[in-house]
Structure formats: C-alpha cells, structure tokens
Amino acid sequence: REIDTVARLGGDEIVVLLTRLGTGDQDAADSAERVAAKIHAALNLSFSLGGSDYRSTPSMGVTLFKGQHTSMDTLMKQADLAMYRSKAAGRNAVRFFSRARCCSITLPIGNHFCAAPAMCSTGLPQAR
C-alpha cells in the first residue's frame, strides 16, 4: 500500500509501518492480519539466486498501537516478542504481540533480556 512505510533495520530485520487500518481495535487487528498474511506469502515464494532455488521462512511479529502514546522502543520490543513466538512455533509464521502472554515470559531482545512484565502497562489494546 502506498500509504505505508517499509524500512530495513539491518541484516534480515524489516519493519513495516501500516496506517489507516480501521476505525476500531478489531478492524485494525483484522487489517494488520490480512497485510501480514500477504507479506508472509510473498516472502515464502521461491527465488533463484546464482542458479540455485531458495525459499525463505520468515518469522514475523506484529504489534498494534494508537497514535503516539507508545515509544518506538516499546513497539519494537513488542514486535520482537511476537517474532520470538513465531520462531518458537517452528518459524515461518506470523504472531501478534499479546500483553497477557507477554506478562508471563522473559525473552531475549537484541543483546539483552526484556523483562516482559514491564511491557504490560503500555496502554495498547489487546492484540491477537
């Protein structure tokens, strides 16, 4: 979508910022899920490189937010937590950040560990 932003953070990390996903929390979650499924399907297509065929198996994490009420650092950590759930599920999956699930776990984020319970008071709507 032309109204969205895609950025490569480095290595194989890519961030997609989606806007105008709906009027309510459920609309936004449903729209984000549809877009994530399209991106996931596109990344799953096989491609040829140097005469060999390859296929990627992306692990994707999704978090939702409203306006500017949450810091970029918090949003990135939430998306990372969801991505680690994708990896734990066997990779090649899409998972949403869930405050309820996050509050009971501690997962690695970058070179340190995120104290997941601290992520629970972000004021974000509960995502699936």
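Please report, in debye to the nearest 20, how large the charge dipole of the range 35-92 is about its Cα centre when each Lys and Arg carries +1 at its beta carbon and each Asp and Glu carries -1 there.
160 debye
Carbon-plus-sulfur fraction of the accessible area of the range 1-85, 1.4 Å probe, in percent? Please list the in-between numbers first.
Working: 3100 of 5770 Å².
Roughly 54 percent of what the probe reaches on the range 1-85 is carbon or sulfur.
Just to verify a number: what accessible area does residue 66 come out at with the full protein assembly present, 1.4 Å probe, Å² rounded to tens?
Accessible area of residue 66: about 110 Å².
Suppose the chain between residue 34 and residue 54 were pulled fully straight at 0.36 nm per residue; how much longer would it get relative to their current alpha carbon spacing?
Working: separation 20, 0.36 × 20 = 7.20 nm, distance 2.48 nm.
Stretched out fully, the residue 34 to residue 54 stretch lengthens by 4.7 nm.
Compute the FRET efficiency between residue 46 and residue 17 as 1/(1 + (r/R0)^6), taking r as their Cβ-Cβ distance and R0 = 22 Å, and round to the nearest 0.05. Before the final figure, lay out each step's value.
On the way: r = 28 Å, r/R0 = 1.26.
Efficiency, rounded to the nearest 0.05: 0.20.
The values are calculated or read from the model by the stated rules, or taken from the named source; none is laboratory data. Treat the numbers as computed from the prediction; the structure is a model and nothing was measured. So basically every Cβ, Gly included, is an ideal-geometry build from the backbone, and we count neighbours across all protein chains shown. Protein only, heavy atoms only, side chains kept; ligands, DNA and RNA dropped before computing areas. Shrake-Rupley method; radii C 1.70, N 1.55, O 1.52, S 1.80 Å.
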